[in-house]
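Working notes for the structure below.
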Amino acid sequence: MRRVHNQTIGDDEAETSIKESTMTESNTDNTSIEAMTDGGTETIRDSDEVRFSNDDVRHHSADGYLYAYRENDEHVVVSRGRESRDRWTKRVPAERDAVLAGEHLWTIPENWQHRVKIKGPAEVNYRIYHIPESGVDVLVTVPNKTRIVDAWYGVKRVGTLNVTYDDEIAWDKLETTIEYVRDSEEVHNDVVEALETLNQRRRGFERKFASSVNLCAKEALLGNPHEPVTVHQWTAKPWADRFPVDSLAGDFLNLNTETRDAVVHQLSESNFLPSYPTVRVDVAEGEGIPDGYDVRALVEADASRSESIDYLITEHYDLMTQAHWAEIRGMEVSNINKNVNCAKKKLSD
């Protein structure tokens, strides 16, 4: 069988990598021989033998079990569910350089770098991976359902990992501080005026503060590139040390040194700025996608040239209807529809 790694965009008749077994014969060497519907045979390794080998990729138990192991440049995925539709074997690339949102993956490609674990509401969990070869980040859903048929990883978004400011400034605390210093004989009028100016320029300072947090939030979160970071409900406080919030306000007002130090002191006392700002972690859809990436993803999913083009034009980019595209190509709408459906099936199988 031709492997997806070696397929080119010109392979209009590329064969599928999914094989349906019709009969299994067990051997004594922890393997089984499966007779396939295409007349060939497939040697399948035993689940227990795989589990204790260096080739083990994945194990999942539900209404039956599913496991995967490495063989050459592919992952062999074996599903043994209770229903006949859930008893299958397929081969998928061990590495992927491109995937599309909505795609289903039975294994996580080995060349992906695990960056973030996200614990969502209830039992919904996500992971963010980085693909070095294409430079994109991928948000995937982690299967937690009880059925083998749903045990795939779902590609939710493809783009760039964003770590952005997601907190609030307690302006009411600043107003309380201003009222206090107005009545204090120990605080100079320049300090009072500076605090009042800051309160009047809220929007400008909030933009400045958020921008300052965003500049260093990603590095703070991913300080150890070798270990994935765990965040809860999409947010985190990644700071090892107190964020320099007070000095930011002093710099924003462009004060002389003496007044600046006095203002910073008052702001520190009021605690109106979050010392450890909360940030939101997510993947920005479509951001940082290189040229040709979408075509590459479809090729790696085993889509033919015609399937890829028709799917991208009428579905992925939504540039025109299938009828309009069929007229341009000089083809029947039914042929376009068939190609689009084939591409969809290969992305979700």
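The values are calculated or read from the model by the stated rules, or taken from the named source; none is laboratory data. All values reported here derive from a predicted model rather than from experimental measurement. Neighbour counts are summed over all protein chains in view; Cβ atoms, including those assigned to glycine, are modelled from backbone coordinates with ideal geometry.
Points to keep in mind about this one:
- Single match in Ala284, Ala249 (criterion: in a helix (DSSP H, G or I), small (Gly, Ala, Ser) and surrounded by 14 or more Cβ atoms within 10 Å (Cβ to Cβ)): Ala249
- Among residues of segment 145-170, those that are of a type in the set (Gly, Ala, Ser) and either closer than 15 Å to Lys237 by Cα or over 18 Å from the mean Cα position of the chain (by Cα) (or both), counted: 1
- One residue from Leu215, Leu161 being closer than 30 Å to Val263 by Cβ and either touching a residue at least 40 places away in the same chain (Cβ under 8 Å) or part of a helix (DSSP H, G or I) (or both): Leu215
Residues are listed down the side, and each one gets a yes or a no for (1) in contact with a helix residue (DSSP H, G or I) (Cβ under 9 Å, 6 or more places away or on another chain); (2) in a helix (DSSP H, G or I); (3) at pLDDT 95 or above; (4) among the acidic types (Asp, Glu):
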site: His75; (1), (2), (3), (4): no, no, yes, no
site: Leu100; (1), (2), (3), (4): yes, no, yes, no
site: Glu110; (1), (2), (3), (4): no, no, yes, yes
site: Ala122; (1), (2), (3), (4): no, no, no, no
site: Tyr126; (1), (2), (3), (4): no, no, yes, no
site: Glu133; (1), (2), (3), (4): no, no, yes, yes
site: Lys145; (1), (2), (3), (4): no, no, no, no
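- Restricted to segment 77-98, and to residues there that are of a type in the set (Asp, Glu) and assigned to a loop (DSSP other than H, G, I, E, B), the residue that is modelled with the lowest pLDDT is Glu83.
- Residues of segment 57-87 satisfying the condition of being surrounded by 20 or more Cβ atoms within 10 Å (Cβ to Cβ), in contact with a Phe, Trp or Tyr (Cβ under 9 Å, 6 or more places away or on another chain) and either closer than 22 Å to Asn341 by Cα or not β-branched (Val, Ile, Thr) (or both): Leu66, Ala68, His75, Ser79
- With respect to the conditions (1) loosely packed, with under 12 Cβ neighbours inside 10 Å; (2) not in a helix (DSSP H, G or I), Glu179 falls short on a single one, namely (2).
- Taking segment 202-231 as the range and being surrounded by 12 or more Cβ atoms within 10 Å (Cβ to Cβ) and under 20 Å from the mean Cα position of the chain (by Cα) as the test, the residues that pass are Asn214, Ala217, Lys218, Ala220, Leu221, Leu222, Pro228, Val229, Val231.
- Selection count where residues are surrounded by fewer than 18 Cβ atoms within 10 Å (Cβ to Cβ) and more than 16 Å from Gly135 (Cα to Cα), scope segment 88-103: 1
- Elements of type helices (runs of 4 or more DSSP H) contained in segment 292-333, each with 1 or more residues being in contact with a Phe, Trp or Tyr (Cβ under 9 Å, 6 or more places away or on another chain) and buried (at least 18 other Cβ atoms within 10 Å of the Cβ): 293-300, 305-311
- Tabulated pairs, segment 298-310, first under 16 Å from Arg96 (Cβ atoms), second hydroxyl-bearing (Ser, Thr, Tyr), C-beta under 8 angstrom, 6+ apart or interchain: Leu298/Ser308; Leu298/Tyr311; Val299/Thr8; Val299/Ser308; Asp302/Thr16; Asp302/Ser17; Ala303/Tyr311
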